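Here's the structure, in structure tokens; my notes come after.
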């Protein structure tokens with residue numbers, strides 16, 4: 001039977017709840033539904049990335065963080081088509097997930113954005129928060 005809840009005390013105290021079928025003590029970030037190490041966040045960076053003609057836009061942080069930052073963001077696919085309209089949508093993945101129409105991937109050293117609608121342009125508005133706990 002898989003242990004889905006893991007609690008650790010001491011200096012590196014944490015509580016982890018994993019996805020079904022994943023051992024919480026061994027789970028990576030993508031395999032958890034809750035990880036207390038993410039309970040404290042600090043604003044890190046915000047900005048925009050534009051992707052056009054099915055090309056990936058990338059912003060390098062200039063440093064390597066200890067973990068990928070948490071991203072809040074949305075995609076505006078109407079930058080060229082209808083600048084007065086906003087369509088708020090974005091599929092965000094922590095690594096991988098690059099075969100979707102709209103995606104954003106955040107690593108420990110960069111954020112990438114791709115808008116895959118031919119020669120149209122999409123803009124990602126994002127804010128990143130780095131983990132400060134554990």
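The values are calculated or read from the model by the stated rules, or taken from the named source; none is laboratory data. All figures in this text were calculated on a predicted structure; none of them were measured in a lab. Here Cβ is always computed from backbone atoms with ideal geometry, including for glycine, and neighbour counts include all displayed protein chains.
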Discussion item. Looking at segment 1-29 only, could you name the residues that are surrounded by 13 or more Cβ atoms within 10 Å (Cβ to Cβ) and under 17 Å from the mean Cα position of the chain (by Cα)?
Written reply: 29
Worksheet item: outside the structural domain of residue 11 (by TED's automatic domain parsing), modelled with pLDDT of 70 or more and more than 13 Å from the chain's Cα centre (by Cα): does that describe residue 122?
Response: yes
Worksheet item: Could you say which residue among 81, 59, 72 is part of a strand (DSSP E or B) and at pLDDT below 90?
Response: 72
Discussion item. Checking residue 37 against (1) in contact (Cβ under 8 Å) with a residue 40 or more places away in the chain; (2) assigned to a strand (DSSP E or B); (3) closer than 25 Å to residue 132 by Cβ, only one condition comes out false. Which one?
Written reply: (2)
Fill in: Contacts under 9 angstrom Cβ, first residue in segment 1-16 being in contact (Cβ under 8 Å) with a residue 24 or more places away in the chain, partner assigned to a strand (DSSP E or B), 6 or more apart
13/7; 14/6; 14/7; 14/8; 14/35
Worksheet item: Mind checking which residues of segment 33-48 are at pLDDT 85 or above and surrounded by 14 or more Cβ atoms within 10 Å (Cβ to Cβ)?
Response: 44, 45, 48
